[in-house]
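FYI, it's all coordinate maths here, none of it is from the lab. Just so it is clear, the model here is predicted, and its values are computed rather than measured. When we count neighbours, we look across all protein chains shown, and the Cβ atoms used for this are built from the backbone with ideal geometry, even at glycine.
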Amino acid sequence: MDKIRQIIVDRAKERHRSLRNLSIAIEKHPGYLHQFVNYGSPSDLPEKVRRSLAKELDVPERLLTAGAVDIAEIAALPRLPVMGHALAGSDTIMINEGPIEYVERPHFLANVPDAFAVFSWGTSMEPRFRPGLLLYINPHRPPRQGDDVLVEKNNGEALIKEFIKETGDHLILKQLNPAKTLKIALDQVRGAYKIVGIVIG
């Protein structure tokens with residue numbers, strides 16, 4: 001399997017998307033990406049398909065362009081820092097004290113030098129996230145309703161929740177376990193960063 005097809009397969013798995021689901025999302029017949037990945041038809045993705053698929057997979061379009069990706073170059077990039085440690089007795093992570101370790105940088109964060117990862121902690125977002133999962137963060141991707149986010153407060157504390165919306169002075173977030181809606185004042189928030197990938201151990 002060539003590198004572009006491998007990227008599609010890996011990224012779809014990370015985002016819990018099937019090739020059939022992605023094919024429909026990019027307005028192709030349900031078997032389009034299965035044929036592309038497994039049978040090489042078409043040989044290359046047309047520009048319109050690349051653009052739509054890159055958006056669905058949340059990767060730069062160039063990663064889906066034949067001849068545009070040098071995997072050795074990606075592998076040579078600095079490893080991805082894993083930030084934070086859990087506060088005892090809570091679902092809160094402290095991410096302002098530097099990396100606790102480094103992991104391999106995934107291809108879709110190759111051009112995001114300040115991307116980072118965190119380990120999920122606590123049970124407040126179960127069953128979606130169990131403790132110990134590695135979550136990839138792109139601090140430049142603005143969250144949309146329904147996206148999972150890492151919310152960093154000014155004091156370095158961070159929470160993993162589902163983004164609902166931003167009002168004039170609050171972030172509105174959803175927690176799963178127990179189910180409830182949270183409001184955090186914007187003047188307490190440094191940023192709400194989109195979770196763009198997950199490693200299931």
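When the chain is described by a simple charge dipole with +1 on each Lys and Arg Cβ and -1 on each Asp and Glu Cβ, the residue from Ala117, His34, Asn155 located farthest towards its positive end is His34. Here the spin labels are modelled as points 7 Å beyond Cα on the Cα-Cβ line, and at His16 and Arg51 they lie 3.0 nm apart.
Within the range 88-186, the trypsin sites (Lys or Arg not before Pro) that combine a DSSP coil assignment with at most 11 other C-beta atoms in a 10 angstrom radius are Arg144.
DSSP loop (so not H, G, I, E, B), at most 12 other Cβ within 10 Å: list which GluC sites (Glu not before Pro) in the range 87-178 pass both filters.
Working: sites: Glu97, Glu101, Glu104, Glu152, Glu157, Glu162, Glu166; in loops: Glu104.
For GluC sites (Glu not before Pro) across the range 87-178 that sit outside H, G, I, E and B with at most 12 neighbouring Cβ atoms in 10 Å, the list reads Glu104.
Around the Cα centre of the chain, unit charges on the Cβ atoms of Lys, Arg, Asp and Glu (plus for the first two, minus for the last two) sum to a dipole of about 620 debye. Sparse packing (at most 11 other Cβ atoms within 10 Å of the Cβ) combined with a DSSP loop state is found for the following GluC sites (Glu not before Pro) in the range 1-61: Glu27. When the pairs Lys161/Lys194; Lys13/Lys180; Lys13/Lys174; Lys28/Lys55; Lys55/Lys165 are compared against a 18 Å limit on Cα-Cα distance, Lys13/Lys180; Lys13/Lys174; Lys55/Lys165 fall above it. Given in Å, the Rg to one decimal and the Dmax to the nearest whole number for the Cα atoms of the chain are 18.1, 53.
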